[in-house]
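These notes are about the structure you will find just below.
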Amino acid sequence: MGGAVSAGEDNDELIDNLKEAQYIRTELVEQAFRAIDRADYYLEEFKDNAYKDLAWKHGNIHLSAPCIYSEVMEALDLQPGLSFLNLGSGTGYLSSMVGLILGKYLFSH
């Protein structure tokens, strides 16, 4: 799944593309995506794929497409103080972004 938006050259360009395609619609979700660089969750030899809107799997490591994560985060209507349980949390990419919104390390908005 994925491929809904064009590939970016870096994390900011990927987020810009997700915003332009209306996958990211709120400021909190945008800030969380910008704070967590997707490439940090890739094995070194595969980092050239990090800013593509595609799912990636290598052995037991799996990342869903960024457009999927953004749809999930927007649909959950995340707010500070809520709880979040991510069963089968994989690499922790989604949980890290959600944690920034829910936890005490909130962005100013």
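From the phi angles alone, apply the Karplus equation (6.51, -1.76, 1.60; θ = phi - 60°) to the stretch 23-28 and give each ³J(HN,Hα) in whole Hz, x where the residue is Gly or Pro.
7, 9, 10, 10, 5, 4
Skip the ligands, DNA and RNA, and give the accessible area per residue of the stretch 11-102 with a 1.4 Å probe, whole Å².
Counting only protein heavy atoms, the per-residue value for the stretch 11-102 is 52 Å².
Which residue, Phe46, Leu82, Ala35, has the largest displacement toward the positive end of the dipole of the chain when charges sit on each Cβ (Lys, Arg +1; Asp, Glu -1)?
So the residue we want is Leu82.
Output needed for the stretch 2-46: three equivalent-ellipsoid semi-axes, defined as square roots of 5 times the C-alpha gyration tensor eigenvalues, in descending order, whole Å.
Each semi-axis is √(5λ); the values are 19, 13, 8 Å.
Using θ = phi - 60° and the Karplus curve 6.51 cos²θ - 1.76 cosθ + 1.60, what whole-Hz ³J(HN,Hα) does each residue of the stretch 35-44 get, with Gly and Pro shown as x?
Result, ordered by residue: 6, 10, 6, 4, 5, 5, 9, 10, 5, 3 Hz.
Counting only residues 5 or more places away or on other chains, whose amide H sits under 5 Å from the amide H of Ile61 once H atoms are built in the peptide plane?
none
For the stretch 11-102, what does the relative contact order come out to in percent, with C-alpha contacts under 8 Å and a separation of six or more?
Value for the stretch 11-102: 31 percent.
So if each residue of separation counts as 0.36 nm, and I subtract the Cα-Cα distance between Asn60 and Ser89, what length gain in nm does that give?
9.3 nm
Mind sorting out which of [x] 13.1, 39; [y] 31.2, 90; [z] 15.1, 45 is the real Rg and Dmax of the Cα atoms in Å computed from the coordinates?
The calculated read-out lines up with [x].
Tally up the carbon and sulfur contribution to the accessible surface of the chain as a whole percent, 1.4 Å probe, everything protein left in place.
50
If you plug each phi of the stretch 5-11 into the Karplus form 6.51 cos²θ - 1.76 cosθ + 1.60 with θ = phi - 60°, what whole-Hz ³J(HN,Hα) values come out, in order, with x for Gly and Pro?
For the stretch 5-11, the Karplus-derived couplings read 10, 6, 5, x, 8, 8, 4 Hz, x marking Gly and Pro.
Using only the heavy atoms of the protein chains and a 1.4 Å probe, how would Leu63, Leu94 rank by accessible area, largest first?
Descending order: Leu94, Leu63.
Which sequence of Phe84, Phe33 reflects their accessible areas, 1.4 Å probe, from the largest down?
My answer, sorted largest first, is Phe84, Phe33.
The values are calculated or read from the model by the stated rules, or taken from the named source; none is laboratory data. Source: prediction; values computed, not measured. So basically every Cβ, Gly included, is an ideal-geometry build from the backbone, and we count neighbours across all protein chains shown. Just the protein is used for accessible areas: all its heavy atoms, side chains included, with ligands, DNA and RNA removed. Shrake-Rupley method; radii C 1.70, N 1.55, O 1.52, S 1.80 Å.
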